[in-house]
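The values are calculated or read from the model by the stated rules, or taken from the named source; none is laboratory data. Everything quoted here is computed from the prediction, not taken from an experiment. All Cβ positions, glycine included, derive from the backbone under ideal geometry; neighbour counts span all protein chains shown. Surface areas here come from the heavy atoms of the whole protein model, side chains and all, with no ligands, DNA or RNA. Shrake-Rupley method; radii C 1.70, N 1.55, O 1.52, S 1.80 Å.
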Amino acid sequence: MILMARGNILIAEDDPVLRNLYVKKFTIAGFAIRTAENGEETIQKVLEQAPDLLLLDIHMPKIDGFGVLEKFPKEERGFPVILLTNFEEEKYKERGRELGADDYFVKKDMTIRSLLNMVERLLAMRRQG
């Protein structure tokens with residue numbers, strides 16, 4: 001029996017420890033996962049195949065998460081974006097909202113379970129249209 005993945009998630013995170021943790025947890029939860037280590041690679045992977053959802057670190061080499069968001073404006077992309085950051089700073093949230101981020105995950109304050117719940121909620125909303 002072949003199980004369909006629950007969704008295709010692109011994880012853009014430059015920290016290898018966090019990236020591997022996200023890959024492990026989301027794979028166990030039944031998602032198909034691709035990863036990117038910097039903003040340039042993220043843009044390339046989105047252009048190759050749009051994800052069902054993008055987990056996007058703000059602070060990445062080459063092009064930061066905001067630069068990636070600028071490349072894929074909300075009204076033109078067909079997938080939600082959750083910004084990942086270590087900083088609970090209002091200016092980052094505000095910039096993310098301006099650029100059309102769908103949600104905001106503060107790595108140091110939140111659990112992987114809460115990130116998984118956030119992903120599931122956004123994907124459910126997307127399916128309902």
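Against the criterion of being out of contact with any Asp or Glu (no Cβ under 6 Å at 6 or more places or on another chain), of a type in the set (A, V, I, L, M, F, W, C) and modelled with pLDDT of 95 or more, Leu18 does not qualify.
Select, from Glu89, Glu94, Glu75, Glu98, the only residue that is touching a residue at least 24 places away in the same chain (Cβ under 8 Å) and more than 15 Å from Ala12 (Cα to Cα). Lay out the reasoning, then the answer.
Values: Glu89 fails: touching a residue at least 24 places away in the same chain (Cβ under 8 Å); Glu94 fails: touching a residue at least 24 places away in the same chain (Cβ under 8 Å); Glu98 fails: touching a residue at least 24 places away in the same chain (Cβ under 8 Å).
It is Glu75.
Exactly one residue out of Val17, Val46, Val68 is part of a helix (DSSP H, G or I), without any contact (Cβ under 8 Å) to a residue 60 or more places away in the chain, surrounded by 17 or more Cβ atoms within 10 Å (Cβ to Cβ) and out of contact with any Phe, Trp or Tyr (no Cβ under 8 Å at 6 or more places or on another chain), and it is Val68. Pro61: assigned to a loop (DSSP other than H, G, I, E, B), open to solvent by less than 40 Å² (accessible area, probe 1.4 Å), of a type outside the set (Asp, Glu) and more than 17 Å from Leu123 (Cβ to Cβ), yes or no? Spelling it out, it is not the case that Pro61 is assigned to a loop (DSSP other than H, G, I, E, B), open to solvent by less than 40 Å² (accessible area, probe 1.4 Å), of a type outside the set (Asp, Glu) and more than 17 Å from Leu123 (Cβ to Cβ).
Conditions (1) crowded, with 16+ Cβ neighbours inside 10 Å; (2) within 15 Å of the chain's Cα centre (by Cα); (3) at pLDDT below 95; (4) not acidic (Asp, Glu), marked per residue:
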| residue | (1), (2), (3), (4) |
| --- | --- |
| Leu56 | yes, yes, no, yes |
| Glu88 | no, no, yes, no |
| Ala101 | yes, yes, no, yes |
| Met125 | no, no, yes, yes |
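Of all the criteria given as (1) out of contact with any strand residue (DSSP E or B) (no Cβ under 6 Å at 6 or more places or on another chain); (2) crowded, with 23+ Cβ neighbours inside 10 Å, the one not satisfied by Asn38 is (2).
Is one or more of the residues making up segment 17-27 closer than 21 Å to Arg126 by Cβ and out of contact with any strand residue (DSSP E or B) (no Cβ under 6 Å at 6 or more places or on another chain)? Break it down into steps so the answer makes sense when it comes.
If we filter segment 17-27 for residues that are closer than 21 Å to Arg126 by Cβ, which is where we start, we get 22, 25-27.
Now restrict to residues that are out of contact with any strand residue (DSSP E or B) (no Cβ under 6 Å at 6 or more places or on another chain): 25.
Within segment 17-27, one or more residues are closer than 21 Å to Arg126 by Cβ and out of contact with any strand residue (DSSP E or B) (no Cβ under 6 Å at 6 or more places or on another chain).
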